[in-house]
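Here is the structure we will look at, set down as structure tokens.
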There are 2 protein chains.
Amino acid sequence: MINLDNFFKPKSIAIIGASRKKGKVGNVLVENLLHSKFKGKIYPVNPKANKILNLKCYKSVLNIKEKIDLAVLAIPAEIILKSIKECNKKEVKDILIITAGFSEIGNTKLENELKQYIEKNQIRMIGPNVLGILDFHTKLDTIFLPRTRLKRPEAGCISFVTQSGAAGSAVLDLATFEGHKFAKFISYGNATTIDETDIIEYLGNDKDTKVICLYIEGIKDGRKFMKVLKDVTKKKPVIAIKGGISEQGSKATLSHTGSLAGDYKVYSGVFKQLNIIQAENLEDMLDYAYIFESMLKPKGNRVQIITNGGGYGILTVDAISKTKNLQLAQLTEKTKNYLKKQFPKTVTVNNPIDLVGDADNKRYELAINACLQDNNVDLILLIVLYQTPLLTFEITDLLAKEIHKSKKPIVIVSTGGEIINKFKKVLEEKGIVTYTFPHEAVKALSALVEYYF
Amino acid sequence: MINLDNFFKPKSIAIIGASRKKGKVGNVLVENLLHSKFKGKIYPVNPKANKILNLKCYKSVLNIKEKIDLAVLAIPAEIILKSIKECNKKEVKDILIITAGFSEIGNTKLENELKQYIEKNQIRMIGPNVLGILDFHTKLDTIFLPRTRLKRPEAGCISFVTQSGAAGSAVLDLATFEGHKFAKFISYGNATTIDETDIIEYLGNDKDTKVICLYIEGIKDGRKFMKVLKDVTKKKPVIAIKGGISEQGSKATLSHTGSLAGDYKVYSGVFKQLNIIQAENLEDMLDYAYIFESMLKPKGNRVQIITNGGGYGILTVDAISKTKNLQLAQLTEKTKNYLKKQFPKTVTVNNPIDLVGDADNKRYELAINACLQDNNVDLILLIVLYQTPLLTFEITDLLAKEIHKSKKPIVIVSTGGEIINKFKKVLEEKGIVTYTFPHEAVKALSALVEYYF
């Protein structure tokens, strides 16, 4: 395993190509590090500046007296090699190259030279052509998107490894907005030396990472990938989305990260064999990650639906019937008889349990408790259409109490606007997984069951 | 065609079962009408009250001297028939029955009695077991969800016909939050006499309605449906989602709206034949509706992608390759040569056009204009990952200008959190269709092409 500690918890960073000009990559990099709560030392390097954002600036990395753990390079492609040589002289062995303009635009010669030098001198390099790296626990922040444009999430357990910086950051931004928490974010670009597999292997042993999301366009070394992933997926779930599945998409990867995309069917088969959860699109990837963020291991695949909207119950049943691995729970007669006694005759006790439009908090409490005690139920999908007038906001406490005591995975579906978003945000803050649509929740439950069985 | 005018633009409404008690259905109904800008007269009916929300209350509909265009009934199922007889005596021929507790819970006897009386006396009845009706142009508001829980959208051109009130209102709430505008919302419940087809036929001739969304669990009269829909889809797009497609889901529809769901394949075939756009889930239904809300008729099926994130471009190509009816546009050599001259060498001019992470507003303007002029391009999918630092907010004006002058449909994909939501909201307010994920936009473009070709 390659030790990538210095990419996530360096004690000192040199920003080579730091800039005084607001908005420029080399300026944003320094500013982000300053505004993050990163505790290491920051050394801007720029031959033409004395100070950058009030930090002393160095003409070359060789002028820095202190030890440098990580060098971040944001200088033109043509002078990258020269700069790496200086880093090597200074014994900086961990290098992150932001700069683009290598194999992805046909400049393979330059990238090969780089690769040769790196390998010969036992340097660890991530990049080139990357957005950067974030560690939400150490607060390391080396991505060049301003914090005013991309809010950083709180420290959590999802790590996201992405070949495409833009795809990664856009999705990270959305997930953060939805209240999800991350461990690490790694844009690895052209993967000239350190590749996706090296990073996944490292994350497999990272205690902060409980679930790994992966956007890849190509795999550098298939055999290595298979060997490593087989191990990692035993320890934690890996959710992957493969860009370039079509012939035309495959062509587009070449001009993006210089990847040869390879055949989709081959990938798909390998993913299945390795117990990698394959997401069809970015939305699914996030939906799957959320369920692993805080979920228990289910005992089986039988889902009970509880709803206050009949149509939503039906659509959920339909969605479950489309999965290959979920089935509808069949409540015991005991549970059914008990619940029927508790509820008015308009309530249907079956699967779904339809608490109907005039359901109050109490009906939910009764239904959930009965399902938790029923051995025929493995997973609960709870639809709470909070638009109905008899539900009060206290239901968030009630749901949190029930869900936290539960040994069965429970997810909530709720759809709506401003008020429902508040309702869901409160639930998310209590560590409860919520989805907007029934089919989303069902697909996520299916991914959960797929991973464990 | 059944004239449903009184359900959407009555001059006077009696709320039978109006209540003084806050939160009760009969109270919410009166309150909603009062707080909407509905211009007709409101007559609460309740034998036990003198005043409700400061309105004079009547012991019976027979005590009202003025003419009543529409009676809304929210009284127990057992006394519905008695009340309808009074309405008939008063010559109220348009009746909306909110009350549940009929065939959907096995009470078919009562529903049959109701049906017989209604038909014999030539009354137009929508319901029972409905959420109510909304007309966003006349401001008629007869749904029993409080305005504090469910915000009403602005007047627009989407009409939503839904067998499930809860499914309908939750989706309406979300769409409103996302800035979309509606014409009418009709929850039609058990469809005892007036059914989904009657309502669709009416909407087919409604000048406010440009696109019809439909959530159905069953179709009452297949022959009538086919005859009417064949005509309506020639005039405007109908997007339908069928609940109860699985055997188990089909069973659940029985206890929801008393519908026999029927075989999915049969429905699917009929929908295709009638040029009804079939949505797989509620999310897709909304995504499709949005594209018809403001879209031009495309000249063909060739999509050009413009992006500032390579990965997003690739995922879009993949999504297009999954559709049956879209293909990637091939820019003319003239366009390619022109654009290559304009851009730095890191930009890829192909399909996708990858403007890369340092794209500014100007690059977008150049790329869009070139694609608008290129006859090989029919549709444009524009990815704007607004997290990148060189894009400024003025791009919203630029995009609006380009899109409004365009005769080719253009949709925008943008993913992110708070800042991106603001960015998208501004675009939506300018009448531009935005999506969160590439696959969503692609599916919507595919639905657009499916409808016209």
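None of the figures in this text is laboratory data; all of them are computed from the coordinates on show. This is a predicted model, so every value here is computed, not measured. Every residue, glycine among them, receives a Cβ derived from its backbone with ideal geometry; neighbour counts consider all protein chains shown.
Axis angle, to the nearest 10 degrees, between helix A:165-177 and the longest C-alpha principal axis of chain A: 40 degrees. With a/c under 1.5 counting as rounded, go ahead and sort the range A:412-453 into rounded, prolate or oblate using the C-alpha gyration tensor (a ≥ b ≥ c being the square roots of the eigenvalues; past the cut-off, prolate if a/b is larger than b/c, else oblate). Verdict is oblate for the range A:412-453.
Placing a label point 7 Å from the Cα of B:N63 along the Cα-to-Cβ direction, the distances to the matching points in the other copies come to 9.3 nm, shortest first. For the pairs B:K39/B:K139; A:K41/A:K90; A:K21/B:K362; B:K120/B:K184, flag any whose C-alpha to C-alpha distance is greater than 18 Å. Pairs exceeding 18 Å: A:K21/B:K362; B:K120/B:K184. Note on the protein assembly as shown: Kirkwood hydrodynamic radius from all Cα pairs is 29.3 Å, rounded to one decimal.
Helix A:247-257 and the longest principal axis of the C-alpha atoms of chain A enclose an angle of approximately 50°. Global size of the range B:296-452: 14.1, 40 Å for Rg and Dmax (C-alpha atoms, Rg to one decimal, Dmax whole). Helix A:333-342 and the longest principal axis of the C-alpha atoms of chain A enclose an angle of approximately 80°. Inter-chain Cβ neighbour count for A:160-171, averaged per residue, equals 6 (cutoff 10 Å, partner chain atoms only).
For the peptide B:344-357, the mean number of other protein chain Cβ atoms found within 10 angstrom of a residue's Cβ is 4. Restricting to Cα pairs below 8 Å that are 6+ residues apart, what does the relative contact order work out to for chain A? Please round to a whole percent. It comes to 11 percent, rounded to a whole number. Each copy carries B:K11; placing its label point 7 Å along the C-beta direction from Cα gives inter-copy distances of 8.7 nm, listed from smallest up. Projecting the Cα atoms of A:Y264, B:G243, A:I158 onto the dipole axis of the protein assembly as shown, where Lys and Arg carry +1 and Asp and Glu carry -1 at the beta carbon, places A:I158 farthest toward the positive end. Peptide A:241-250 has a mean of 6 when you count, residue by residue, the C-beta atoms of other protein chains within 10 Å of its C-beta. Short to long, the 20 Å bins of the Cα pair-distance histogram for chain A hold 24, 47, 24, 5, 0 percent of all pairs.
Distances between copies of A:G222, taken at a point 7 Å out from Cα along the Cα→Cβ vector and listed shortest first: 4.9 nm. Where chain B is rotated onto chain A, the residue of B whose Cβ comes nearest the axis, and that gap in whole Å, is B:E283, 4. Between beta-carbons, use under 13 Å as the cut-off and find the net charge around B:S169, counting Lys and Arg +1, Asp and Glu -1. Cβ neighbours under 13 Å give a net charge of +2. When you filter the trypsin sites (Lys or Arg not before Pro) in the range A:333-406 for DSSP loop state and at most 13 other Cβ atoms inside 10 Å of their Cβ, you are left with A:K345. Annotation note: chymotrypsin sites (Phe, Trp or Tyr not before Pro) in the range B:343-438 located in DSSP loop regions with a Cβ neighbour count of at most 15 within 10 Å are B:F393. Return the subset of A:K48/A:K82; A:K236/B:K424; B:K89/B:K115 for which the Cα-Cα distance in this structure is over 26 Å, preserving the input order. Long pairs (Cα-Cα over 26 Å): A:K236/B:K424. By the count of other C-beta atoms within 10 Å, a proxy for reagent exposure, B:D94, A:D397, B:D69, B:D360 are ordered fewest to most as A:D397, B:D360, B:D69, B:D94. Taking each of A:K401/A:K425; A:K210/A:K407; B:K37/B:K425; B:K9/B:K210 in turn, the alpha-carbon distance tops 21 angstrom for B:K37/B:K425. Positive-end ranking of B:S414, B:A329, B:G311 along the dipole of the range B:296-452, with charges on Cβ about the Cα centre, is headed by B:A329.
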